[in-house]
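Chemist: Shown below is the structure under consideration.
The values are calculated or read from the model by the stated rules, or taken from the named source; none is laboratory data. Computed from a predicted structure; not experimentally measured. All Cβ positions, glycine included, derive from the backbone under ideal geometry; neighbour counts span all protein chains shown. SASA here: full protein model, heavy atoms, side chains in, ligands and nucleic acids out. Shrake-Rupley method; radii C 1.70, N 1.55, O 1.52, S 1.80 Å.
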Amino acid sequence: MEKTHSFKSWLIATRPWSFPASVMPVVVTIAYMFYVQGSSVDWVAGVWAAFAIVAFHAAGNTWSDYHDFKKGVDQAADNVGGTSLTSGEFRPAEILRLSIGLIAVAIVFGILIVIYRGVPILYFGIAGLVLTLLYPVMKYNALGDVDIFLTYSLLPILATTYVVGGALYFPALWLTLPLGLITVAILHINNLRDMESDRSAGIRTLAMLAGRRRAAYMYCVEIFLPFVWIVGMVALGELPLWSLIVLLATVPALKAAKKALRSREEGKSVVVGLDERTAQLQLVFSLLLTVSFLVGGVVK
């Protein structure tokens with residue numbers, strides 16, 4: 001007899017704590033478009049876009065967990081990250097069905113947006129779907145960071161400008177690096193933590209290729225360069241002065257960096273949970289940037 005699961009268990013299986021990594025680039029871009037275009041921004045379409053990318057993200061998480069478990073990347077002894085399969089709570093077939101169902105939901109959201117806004121959005125949706133499905137293969141060959149940057153930064157940011165503004169607005173690409181790097185840092189610190197188990201599973205990640213010491217430094221660059229970038233964009237006049245409030249997020253960034261650097265000598269135990277803290281950093285950074293654009297759009 002097949003075990004039944006509560007709604008909460010199904011929800012946890014999608015790793016909802018990670019959703020800000022995908023939804024916040026959409027939210028930030030909507031606020032940015034308000035800053036540059038004012039009241040012409042289509043807020044309702046923006047909300048639909050946010051729902052669509054969260055559905056894609058949930059599908060991607062479960063799709064990745066399924067393939068990681070089948071590949072042996074995630075094992076029964078693991079007690080960090082996604083544990084719905086490694087704990088034995090769910091069977092692989094259940095997680096696969098969940099992933100396929102979520103992909104279907106995301107496609108429905110995407111079709112509705114295409115009907116409302118136009119065919120160009122279809123191309124972004126197809127690209128996002130392909131990158132989601134290819135993520136396990138790319139991750140196993142040290143290209144997971146590239147996949148995440150494209151899927152949760154460049155594509156949603158550019159697509160959102162079209163969804164809420166009716167046309168592609170390429171200056172928004174200035175946002176891809178700061179938002180994308182912090183999002184990539186979530187994956188990177190996860191891979192730094194799992195270097196030994198990933199090596200045993202026969203896969204390659206960027207953290208493995210770099211080695212623990214260099215990988216720790218790379219993580220620090222990924223979470224601090226966004227602050228430098230924002231300051232530079234403000235200095236060039238591309239972003240409002242209000243955007244400097246993101247510097248408040250340097251406090252949690254410093255704490256995260258110290259933990260990552262300690263891992264050089266103390267090993268992976270130091271960075272357990274740091275992927276979630278990095279997701280929280282991305283959320284705080286994005287919220288502060290969103291507020292700066294909203295204020296900048298009102299006070300000009």
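Chemist: Inspect region 206-214 for any residue being free of Cβ contacts under 8 Å to residues at least 24 places away in the same chain, loosely packed, with under 15 Cβ neighbours inside 10 Å and touching a helix residue (DSSP H, G or I) at 6+ places or on another chain (Cβ under 7 Å) and give the result as yes or no.
Modeler: The answer is no, given that none of the residues of region 206-214 is free of Cβ contacts under 8 Å to residues at least 24 places away in the same chain, loosely packed, with under 15 Cβ neighbours inside 10 Å and touching a helix residue (DSSP H, G or I) at 6+ places or on another chain (Cβ under 7 Å).
Chemist: Return yes or no: is Val146 out of contact with any strand residue (DSSP E or B) (no Cβ under 7 Å at 6 or more places or on another chain), farther than 25 Å from Ala31 by Cα and either among the polar types (S, T, N, Q) or free of Cβ contacts under 8 Å to residues at least 40 places away in the same chain (or both)?
Modeler: Against the criterion (out of contact with any strand residue (DSSP E or B) (no Cβ under 7 Å at 6 or more places or on another chain), farther than 25 Å from Ala31 by Cα and either among the polar types (S, T, N, Q) or free of Cβ contacts under 8 Å to residues at least 40 places away in the same chain (or both)), Val146 qualifies.
Chemist: Please pick out the residue among Arg199, Arg193 that is among the charged types (D, E, K, R) and free of Cβ contacts under 8 Å to residues at least 12 places away in the same chain.
Modeler: Arg199 is the lone residue from the list that is among the charged types (D, E, K, R) and free of Cβ contacts under 8 Å to residues at least 12 places away in the same chain.
Chemist: Among the residues of region 240-259, count how many are of a type in the set (A, V, I, L, M) and within 20 Å of Trp17 (Cα to Cα).
Modeler: So the count comes out to 3.
Chemist: Okay, moving on. Given the criteria under 19 Å from Ile148 (Cα atoms), of a type in the set (Lys, Arg) and either part of a helix (DSSP H, G or I) or at pLDDT below 95 (or both), does Arg213 qualify?
Modeler: Details: under 19 Å from Ile148 (Cα atoms): no; of a type in the set (Lys, Arg): yes; either part of a helix (DSSP H, G or I) or at pLDDT below 95 (or both): yes.
So Arg213 does not fit the description; no.
Chemist: So in region 1-50, with the set limited to residues that are surrounded by 13 or more Cβ atoms within 10 Å (Cβ to Cβ) and not in a helix (DSSP H, G or I), which one is nearest to the chain's Cα centre (by Cα)?
Modeler: By that ranking, first place goes to Phe19.
Chemist: Can I ask one more? Quickly run through region 160-171 and pick out the residues that are crowded, with 20+ Cβ neighbours inside 10 Å and under 25 Å from Val231 (Cα atoms).
Modeler: Thr160, Thr161
Chemist: If you don't mind, there's one more thing I want to ask. Just checking, does region 74-81 include any residue being open to solvent by 60 Å² or more (accessible area, probe 1.4 Å), free of Cβ contacts under 8 Å to residues at least 12 places away in the same chain and outside any helix (DSSP H, G or I)? Steps first, answer last, please.
Modeler: The initial filter retains those residues of region 74-81 that are open to solvent by 60 Å² or more (accessible area, probe 1.4 Å), namely 75-77, 79.
Okay, now just the ones that are also free of Cβ contacts under 8 Å to residues at least 12 places away in the same chain, so 77, 79.
Of the ones still in play, those that are also outside any helix (DSSP H, G or I) are 77, 79.
So far as region 74-81 goes, yes, one or more of its residues are open to solvent by 60 Å² or more (accessible area, probe 1.4 Å), free of Cβ contacts under 8 Å to residues at least 12 places away in the same chain and outside any helix (DSSP H, G or I).
Chemist: Out of everything in region 51-73 that is surrounded by fewer than 23 Cβ atoms within 10 Å (Cβ to Cβ) and among the charged types (D, E, K, R), what residue ends up being farthest from Met195 (Cα to Cα)?
Modeler: Per the criteria, the residue is Lys70.
Chemist: Further, regarding this structure: Just for region 279-300: of the residues that are modelled with pLDDT of 95 or more and of a type in the set (Val, Ile, Thr), which one is nearest to Leu254 (Cα to Cα)?
Modeler: So, considering only residues that are modelled with pLDDT of 95 or more and of a type in the set (Val, Ile, Thr), the one nearest to Leu254 (Cα to Cα) is Val284.
Chemist: Something else now. Looking only at region 114-147, count every residue that is more than 15 Å from His188 (Cβ to Cβ) and crowded, with 18+ Cβ neighbours inside 10 Å and tell me the total.
Modeler: 10
Chemist: Scan region 256-275 for residues that are in a helix (DSSP H, G or I), open to solvent by 70 Å² or more (accessible area, probe 1.4 Å) and more than 14 Å from Tyr217 (Cα to Cα) and jot them down.
Modeler: Passing the criteria: Glu266, Lys268, Ser269.
Chemist: May I pose another question? Please tell me if Leu241 is out of contact with any helix residue (DSSP H, G or I) (no Cβ under 8 Å at 6 or more places or on another chain), closer than 30 Å to Val299 by Cβ and surrounded by fewer than 19 Cβ atoms within 10 Å (Cβ to Cβ).
Modeler: no
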